[in-house]
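Colleague: Below: one structure in structure tokens.
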Amino acid sequence: MKKKRSLKLTKQKDGYSVIFNAMASPCEVLIQTQNKPLVIKIAEMVSKEVWRIEDKYSRYDSLSVCSQINTSGGKKTIIDEETYLLLNFAEQCYQLSDGLFDITSGVLRKTWSFDGAFDKKTGECKNFPSLIDVKNFLSFVGWTRVNYDQKSITLPQGMELDFGGIGKEYAVDRSILLAKNLTNDPVLVNLGGDLAVTGPRNDNKSWQVAIEHPDCDSLGQQQDMIVALNQGALATSGDARRYLIKDGVRYGHVLNAKTGWPINHAPRSITTVAPQCIQAGILATLALLQGKHAEDFLTEQDITFWARR
Amino acid sequence: MNNIKNKINVSKKYDIKDNMKNNKKCNIKAALSLATSALLGTTVIVGNVAHAQDADEWQFETAFLLYSEADRVTAGEGIIAGTKTFDNDEILNLKLTVDALTGASANGAVVQPKAQTFTRPSGNGQYVTTEGETPLDDTFHDTRVQLNAQWTQPLADNITGSVGAHLSKEYDYLSLGLNGNLAYDFNKKNSTISMGLSHFQDTFTPEGGIPKPFSSMLVGDSSSVDWDAEFAKTRIGDSENKSTTDMLVGFTQVINRRMITAFNYSYSIVDGYLTDPFKVISVLDTEGLAQDYIYENRPDSRVKQSAFMQTKYHFDDSLFNTVADVSYRYMWDDWGINSHTIDTRFTIPVGKKSYIEPHIRYYQQGAADFYKPYIINEEFVDEQPITGFVSSDYRIGEMSAITIGAKYGVVLNGGNELSFRIEYYRQMPTNAGFTDPSALNRLDVYPVVEAVIAQVSYSF
């Protein structure tokens with residue numbers, strides 16, 4: 001059931017804010033200009049692009065290209081250049097993570113539902129999977145079994161692609177590119193916490209961005225951290241909203257594609273900074289996949305990051 | 001894997017697997033940059049282009065230092081400094097320093113082939129130096145607390161201003177100071193000109209009061225009835241002041257991506273009590289045997305100037321990304337002292353998170369005009385006290401000094417840095433052209449002072 005798609009424009013002190021819903025997240029575009037017609041143009045262009053990407057790559061949308069591929073039953077599916085480039089990118093992430101990051105691991109959602117559904121008495125997860133459940137679904141995971149080229153993709157029956165790990169960040173980067181083409185005014189695009197800026201605000205001031213503390217749900221109080229961003233992007237990977245608790249242990253939603261289980265001893269969330277959002281997002285996810293060595297990994301790569309354990 | 005590899009037609013042809021084999025860990029960031037540019041069709045952005053930092057958190061630096069001279073002074077110092085950056089790039093820096101000093105320090109008298117007795121600065125008690133030993137006064141132990149505050153903010157495009165205050169207090173000394181500084185960036189922030197001014201007011205209330213210059217050190221039985229009255233005759237007051245004004249002009253220039261240079265010039269005027277009330281000079285007969293010890297006297301003003309230049313160069317991969325830092329300072333003042341300092345550091349990265357930094361510093365100074373290691377009593381004319389200035393403090397005499405050490409630093413998770421430093425410091429006073437009388441011929445008139453410095457620092 002698609003939410004009604006609408007845009008809300010609000011005038012702020014030195015610019016405009018545009019809010020809309022996409023990819024199951026609140027999205028916001030901030031433009032530092034007084035030119036209202038320009039704001040409307042940018043708002044329409046960005047939201048259109050984000051919704052386009054959502055419609056094309058959402059695994060929850062039965063009409064999307066992603067769903068088409070996932071229901072192809074092992075037969076060849078024709079793809080366009082954009083999908084081909086995304087598959088290439090996924091391939092490289094697979095390599096860089098030694099197979100831990102695998103976009104065919106989406107099928108595991110059938111056994112892991114990270115919706116926080118819990119037993120009201122014990123606070124523990126209602127639908128925690130068993131070893132056999134996970135093993136069953138794991139047999140349908142494996143990027144190496146995907147066969148693709150510039151024109152088509154063949155996905156074995158029972159396997160599924162999940163662009164969730166890169167879709168939102170890709171949409172942020174695409175939006176920034178489009179915004180830069182339209183204007184020189186400072187623009188910030190924020191899709192549910194994954195964000196990027198076209199450059200610093202006017203007068204070389206930095207954008208003040210709040211990062212949410214993962215515990216704000218249970219404590220009921222906001223514990224934000226303010227980060228000053230001048231250029232580039234910020235992405236957060238972690239379990240603020242999606243997690244399970246079983247036997248007192250909190251399981252994050254990032255799954256090890258080789259074992260099918262959530263990564264052990266990973267930080268609860270990692271926020272990284274990089275020139276582009278998709279890079280920041282992958283680095284955050286790659287770090288989480290390192291489990292207890294998450295921070296070491298990022299420090300060695302000389303990445304600016306904040307980790308919460 | 002082979003079928004996919006053959007079919008990939010990326011615009012930039014490179015083999016991922018080879019990339020991975022070579023130096024996998026270091027190249028994830030670079031590999032990801034290339035992958036991103038292929039996906040988005042943009043040019044590859046390398047280096048630290050994205051820039052973000054905690055906007056409302058304090059950054060702290062802490063350090064603990066131990067300084068230990070062989071047989072002489074030992075000092076320990078702890079520092080904690082916090083910096084907070086506010087909106088609009090305003091920065092507040094607060095620092096607390098505590099140091100404690102104990103041990104013995106040269107009292108200015110020269111070594112003798114016999115034992116010598118001196119009176120403590122407070123006038124209460126004597127101490128004896130054995131023959132052949134440099135006289136050292138070991139009554140020094142003091143604790144000092146210092147507070148600094150500095151506020152920096154942009155005043156206009158490319159102009160930054162800063163003001164600060166300083167307070168330092170120890171048992172017998174109080175120092176209060178203010179400073180201000182303006183910096184102007186130009187040439188796309190590749191060049192900076194800065195100018196700073198600072199002023200300090202100090203008050204000194206030494207134990208035992210201020211001695212009368214050239215009066216003889218009273219040596220005898222400090223528990224006798226007339227001691228206090230006699231001691232008081234050698235004193236001219238309880239406390240003295242001094243004021244210091246410093247002016248600094250600096251210029252920094254980024255030469256290229258790898259090299260930065262800096263130059264500065266400073267001019268400093270100090271007015272007030274500049275004599276060391278704890279120091280004496282030995283009055284020797286023509287053979288070189290001590291007859292008397294008299295309190296020193298220095299001018300009541302000093303004008304110091306210095307010129308400084310520094311270069312830092314960051315080498316590339318072929319030289320392991322090391323950084324060389326070389327600086328030179330020439331100082332001169334109206335007391336006749338000239339000095340040269342050459343300081344070099346070489347930073348060698350070790351792995352991705354740590355570094356080693358060897359350090360060598362060489363210092364050389366000429367003696368002050370009124371410096372004398374001792375006075376021969378025939379310089380007294382008709383028992384008139386000598387006028388003018390005289391001091392035998394080796395620290396304003398002729399000397400060279402060398403510091404050799406190394407620092408090891410490591411970046412911990414979260415960007416916190418821990419470092420260790422150890423250095424060997426050797427001061428070598430030399431004869432500035434005095435002919436030693438016979439009694440001093442087999443004695444060490446210019447003893448070497450050695451010290452070891454160890455420091456641990458942690459920033460978070």
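The values are calculated or read from the model by the stated rules, or taken from the named source; none is laboratory data. Because the structure is predicted, anything quoted here is derived from the model rather than measured. Here Cβ is always computed from backbone atoms with ideal geometry, including for glycine, and neighbour counts include all displayed protein chains.
Colleague: Any residue in segment A:37-60 that's at pLDDT 90 or above and of a type in the set (Phe, Trp, Tyr): show its pairings with residues that are in a helix (DSSP H, G or I) and buried (at least 18 other Cβ atoms within 10 Å of the Cβ) at Cβ separation under 7 Å, as long as the two are six or more apart or on different chains.
Modeller: A:Tyr57/A:Val65; A:Tyr57/A:Cys66; A:Tyr57/A:Gly167
Colleague: Return yes when B:Ser222 is in a loop (DSSP other than H, G, I, E, B) and not acidic (Asp, Glu) and no when it is not. Spell out the reasoning first.
Modeller: Numbers: in a loop (DSSP other than H, G, I, E, B): yes; not acidic (Asp, Glu): yes.
Here the answer is yes, as B:Ser222 does meet what is asked.
Residue by residue, here is whether (1) among the small types (Gly, Ala, Ser); (2) modelled with pLDDT of 90 or more; (3) in a loop (DSSP other than H, G, I, E, B); (4) closer than 29 Å to B:Asp300 by Cβ holds:
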position	(1), (2), (3), (4)
B:Thr387	no, no, yes, yes
B:Thr403	no, yes, no, no
B:Gly414	yes, no, no, no
B:Ile422	no, yes, no, no
B:Gly433	yes, no, yes, yes
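Colleague: Does at least one position in segment B:192-209 carry a residue that is of a type in the set (Phe, Trp, Tyr) and within 30 Å of B:Glu230 (Cα to Cα)? Reasoning before the result, please.
Modeller: Taking segment B:192-209 and keeping what is of a type in the set (Phe, Trp, Tyr), we get B:200, B:204.
The next check asks that each one be within 30 Å of B:Glu230 (Cα to Cα); those that pass are B:204.
The answer is yes; a qualifying residue exists.
Colleague: Using the structure shown, decide if A:Thr285 is at the interface with chain B (Cβ under 10 Å from one of its Cβ atoms) and in contact with a strand residue (DSSP E or B) (Cβ under 7 Å, 6 or more places away or on another chain).
Modeller: It is false that A:Thr285 is at the interface with chain B (Cβ under 10 Å from one of its Cβ atoms) and in contact with a strand residue (DSSP E or B) (Cβ under 7 Å, 6 or more places away or on another chain).
Colleague: If you scan segment A:31-60, which residues turn out to be of a type in the set (Val, Ile, Thr) and farther than 18 Å from A:Ser17 by Cβ?
Modeller: Hit for segment A:31-60 is A:Ile53, nothing else.
Colleague: Here is a follow-up. In segment B:332-344, is there at least one residue being under 20 Å from B:Ala454 (Cβ atoms) and more than 15 Å from the chain's Cα centre (by Cα)?
Modeller: Checked segment B:332-344: no residue is under 20 Å from B:Ala454 (Cβ atoms) and more than 15 Å from the chain's Cα centre (by Cα).
Colleague: Related question: Does B:Gly108 satisfy the criteria of being in contact with a helix residue (DSSP H, G or I) (Cβ under 8 Å, 6 or more places away or on another chain), buried (at least 18 other Cβ atoms within 10 Å of the Cβ) and touching a residue at least 24 places away in the same chain (Cβ under 8 Å)? Working first, answer last.
Modeller: Values: in contact with a helix residue (DSSP H, G or I) (Cβ under 8 Å, 6 or more places away or on another chain): no; buried (at least 18 other Cβ atoms within 10 Å of the Cβ): yes; touching a residue at least 24 places away in the same chain (Cβ under 8 Å): yes.
No: the conditions fail for B:Gly108.
Colleague: Here is a list of conditions, (1) farther than 18 Å from A:Ser17 by Cα; (2) more than 10 Å from chain B (Cβ to nearest Cβ); (3) at pLDDT 90 or above, and A:Ala179 meets all of them except one; can you say which number that is?
Modeller: Of (1) farther than 18 Å from A:Ser17 by Cα; (2) more than 10 Å from chain B (Cβ to nearest Cβ); (3) at pLDDT 90 or above, only one is false for A:Ala179: (1).
Colleague: Provide a single number: the residues in segment B:75-102 that are within 30 Å of B:Val280 (Cα to Cα) and crowded, with 17+ Cβ neighbours inside 10 Å. Quick ask: steps written out before the conclusion?
Modeller: First pass over segment B:75-102, keeping only residues within 30 Å of B:Val280 (Cα to Cα): B:75-77, B:98-102.
Retained after the next criterion (residues that are crowded, with 17+ Cβ neighbours inside 10 Å): B:75, B:77, B:99, B:101.
Of the residues in that region, 4 qualify.
Colleague: Still on this structure, please answer the following. Would you check if A:Asp80 is outside the structural domain of A:Ser206 (by TED's automatic domain parsing), free of Cβ contacts under 8 Å to residues at least 24 places away in the same chain and surrounded by fewer than 19 Cβ atoms within 10 Å (Cβ to Cβ)?
Modeller: Judged against the criteria, A:Asp80 is a match.
Colleague: Next up: When you scan segment B:230-317 for strands (runs of 3 or more DSSP E) that lie fully inside it, which ones turn up with 2 or more residues that are farther than 30 Å from B:Leu197 by Cα and in the same structural domain as B:Asn187 (by TED's automatic domain parsing)?
Modeller: Per the criteria, B:235-237, B:280-284, B:290-295.
Colleague: Return yes when A:Ile303 is modelled with pLDDT under 90 and within 9 Å of another protein chain (Cβ to nearest Cβ) and no when it is not.
Modeller: It is true that A:Ile303 is modelled with pLDDT under 90 and within 9 Å of another protein chain (Cβ to nearest Cβ).
Colleague: May I pose another question? I'm told B:Arg426 meets every condition in (1) of a type outside the set (Asp, Glu); (2) over 22 Å from the mean Cα position of the chain (by Cα); (3) more than 14 Å from chain A (Cβ to nearest Cβ); (4) exposed (fewer than 15 other Cβ atoms within 10 Å of the Cβ) except one. Can you identify the failing condition by its number?
Modeller: (2)
Colleague: Considering segment A:190-208 alone, what residues qualify as being touching a Cys at 6+ places or on another chain (Cβ under 8 Å) and not small (Gly, Ala, Ser)?
Modeller: Within segment A:190-208, A:Asn190, A:Leu191, A:Asp194, A:Leu195 meet the criteria.
Colleague: Show me the strands (runs of 3 or more DSSP E) found entirely inside segment A:1-89 where at least 3 residues are small (Gly, Ala, Ser).
Modeller: Strands (runs of 3 or more DSSP E) meeting the threshold: A:15-22.
Colleague: Further, regarding this structure: Looking at segment B:159-175, which of its residues are in contact with a Ser or Thr (Cβ under 8 Å, 6 or more places away or on another chain) and under 30 Å from B:Glu207 (Cβ atoms)?
Modeller: Passing the criteria: B:His166, B:Leu167, B:Ser168, B:Lys169, B:Glu170, B:Tyr171, B:Asp172, B:Tyr173, B:Leu174, B:Ser175.
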